[in-house]
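Here's the structure we're looking at; comments come further down.
The values are calculated or read from the model by the stated rules, or taken from the named source; none is laboratory data. What you see is a predicted model; the values in this text were computed from it and never measured. Methodologically, a virtual Cβ is constructed for each residue, glycine included, from the backbone with ideal geometry; neighbour enumeration extends over all protein chains shown. Protein only, heavy atoms only, side chains kept; ligands, DNA and RNA dropped before computing areas. Shrake-Rupley method; radii C 1.70, N 1.55, O 1.52, S 1.80 Å.
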Amino acid sequence: SETEKIPVMRGQWFIDGTWQPLEEEESNLIEQEHLNRFKGQQLQESFDMEISKPVDGKEGKILLSADETTALGRMSLMWDDVLSAASSSGTRLHRGYVEEATLEDKPPQTSHIVFVVHGIGQKMDQGRIIKNTAMMRDTARKVEEKYFSNLATHVEFLPVEWRSKLTLDGDTVDSITPDKVRGLRDMLNSSAMDIMYYTSPLYRDELVKGLQQELNRLYSLFCSRNPEFEEKGGKVSIVSHSLGCVITYDIMTGWNPVRLYEQLLQKEEEEELEERWMSYEEQRLLEELYVTKQRLREIEERLHELKASTISKPPVLKFKVENFFCMGSPLAVFLALRGIRPGSSGSQDHILPRTICNRLLNIFHPTDPVAYRLEPLILKHYSNISPVQIHWYNTANPLPYEHMKPSFLNPTKEATSAPDTESASAAPSPTTSPVMVRRHYGESITNIGKASILGAASIGKGLGGMLFSRFGRSSATPQTMETGKDGPEGDEKKATAVGTPPLPHSSSGFLEPTVELEHRIDFELREGLVESRYWSAVTSHTAYWSSLDIALFLLTFMYKQDQEETDKSNLDTI
């Protein structure tokens, strides 16, 4: 890292018992004396020799004695404690570490690298993503040792710090910030301001290019130091947090607000021809102008295709993204404001083509006010189907995620009408999901958090502001997608109002066969049994980094894919 440099030194002399390396200055002093006395000489059976060396202004005695168990010159030394004249015990030192190095003594091969992308707030606390990634890496190591120790490969987590190198407006925003409550204002300028920068057509591209260039730089640097990674088909995944999810998504898909703006203008022109009353001459001229513009667009598209066929444009990213993990992500609301609406197919391709990214996974804490669900943007009825519950780290024999059946957030039977035996079986435990009738968790704080994101997004002026306000007036707002807040009857009324038949379901609360997602996308952390929802609404957005549950979740998907490909290659060989 450019912000935190750690010196790496080679240990020579080690303290007996703890096997901690001696300080470099003292180690060099003893090593020099050792080489002067014994280099190229045959060890005797026994000898005693005193060497006087001034250390910190005092005379120190080093007693050298031969070690009969070694033929390579390793010996035990007794060095008097120079800081305590009364002490005669000294400290026993060893030349070389307790274990001999072997060819197998090296870290396992890295088969998968994970780029960890931060969201807002890095300007306020530079280097925070490095610390967060270190926490995630340490947590993943514990999980690897417990569950994946039999594998010869491992997953490496690499931080992506893209914010600090950006210029943006310089100090213009700081210069117009009033002095009263300056600390709070500076905190908002260093965090929430990133959302406004991203909705600004002037600075959006700078943020996108900043992250894109840093991802490519880190990948090239890693491959230059690990040339076998690409040769052996190493995979790359991305873990993004908060606004970083939106920027990463836009880089992978190449989304551009200017293209959307052109589509809106074209739609307005067509509506103007159909709706507004005008004279025959005016209508004829407008039609002629419309046809001319259409012809111009066709020529531009053909020219663009011709250039694309003759000039091979390098890919935006130098690697294929295997998994895209979103944590505490507002991506869904950004897509909704861009006009993405539920379809009739359960394919991930509706929002992120599999050719770009093999698997999209959306992880969130139930009380995270910034997080939104993605599944209802693919199939609308999934707004009333619970997210998949992420297993606790210490769950014994958890059910594989692909075998977990979808279940309703609001079962048809009321909780009061359920038999006692059914209520007893619904008690939460480490191996079963909590009771699903809990759609109202931390609702007021959650809505406040969502309103703040929407408000910040609508602040962007010019092109960005027009796009957000235009989609904000759309009849299909994100709130209409979040069914299930008025209970089962309210859901049926809403479904009938838009012409959608009620979903078939069984008395057990599980979904009967109907249109389903190819793969589940929304995954929800389990709430703690003594967790305060109001307090966790404040802390949950930054609580993902050290979670053992999330570390196990990430590694489960990545190692499972590697194992499946290994099994497939073995079958092909047979």
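Here is a check on your reading of the model: is Phe157 assigned by the TED database to the domain that holds Ser546, under 24 Å from Glu230 (Cα atoms) and either surrounded by fewer than 17 Cβ atoms within 10 Å (Cβ to Cβ) or out of contact with any Lys or Arg (no Cβ under 9 Å at 6 or more places or on another chain) (or both)? Answer is no for this residue. A residue that is among the aromatic types (Phe, Trp, Tyr), open to solvent by less than 90 Å² (accessible area, probe 1.4 Å) and modelled with pLDDT under 90 can be found somewhere in the stretch 256-266. Selection of first residues in the stretch 377-398 that are closer than 15 Å to His365 by Cβ and of second residues that are open to solvent by 40 Å² or more (accessible area, probe 1.4 Å) and assigned to a strand (DSSP E or B), restricted to Cβ pairs under 9 Å at least 6 apart or on distinct chains, gives the following pairs, ordered by first then second residue: Gln389/Thr432. Here the stretch 108-129 is the region considered, the condition is being outside any loop (DSSP other than H, G, I, E, B) and crowded, with 20+ Cβ neighbours inside 10 Å, and the residue that is farthest from the chain's Cα centre (by Cα) is Ser111. For the stretch 136-168, name all the residues that are touching a helix residue (DSSP H, G or I) at 6+ places or on another chain (Cβ under 8 Å) and more than 26 Å from Phe324 (Cβ to Cβ). Thr167 - this is the single residue of the stretch 136-168 that is touching a helix residue (DSSP H, G or I) at 6+ places or on another chain (Cβ under 8 Å) and more than 26 Å from Phe324 (Cβ to Cβ).
Out of all the residues in the stretch 201-252, which are of a type in the set (Lys, Arg) and closer than 11 Å to Val160 by Cβ? Outline the logic, then answer.
As a first pass, look at the stretch 201-252 and keep what is of a type in the set (Lys, Arg): 204, 209, 217, 225, 232, 235.
Across the stretch 201-252, the qualifying residue is only Arg217.
Scanning the stretch 359-381 for residues that are of a type outside the set (A, V, I, L, M) and either touching a His at 6+ places or on another chain (Cβ under 8 Å) or modelled with pLDDT of 95 or more (or both) yields Arg359, Asn362, Phe364, His365, Asp368, Pro369, Tyr372, Arg373, Glu375, Pro376. Checking each residue in the stretch 346-373 for being under 18 Å from Gly119 (Cα atoms), in a loop (DSSP other than H, G, I, E, B) and of a type in the set (A, V, I, L, M, F, W, C) picks out Val370, Ala371. The set of residues in the stretch 131-152 that are surrounded by fewer than 16 Cβ atoms within 10 Å (Cβ to Cβ) and in contact with a Pro (Cβ under 6 Å, 6 or more places away or on another chain) contains only Ala152. Evaluation of Trp162 against the conditions (1) in contact with a Leu (Cβ under 8 Å, 6 or more places away or on another chain); (2) farther than 30 Å from Leu552 by Cβ; (3) open to solvent by less than 40 Å² (accessible area, probe 1.4 Å) shows that the sole unmet condition is (2).
The single residue among Glu531, Glu564, Glu516 that is open to solvent by 20 Å² or more (accessible area, probe 1.4 Å), at pLDDT below 95 and closer than 30 Å to Thr153 by Cβ turns out to be Glu564. Scan the stretch 178-188 and tell me whether some residue there is of a type outside the set (Asp, Glu), within 26 Å of Leu331 (Cα to Cα) and under 19 Å from the mean Cα position of the chain (by Cα). There is no residue in the stretch 178-188 that is of a type outside the set (Asp, Glu), within 26 Å of Leu331 (Cα to Cα) and under 19 Å from the mean Cα position of the chain (by Cα).
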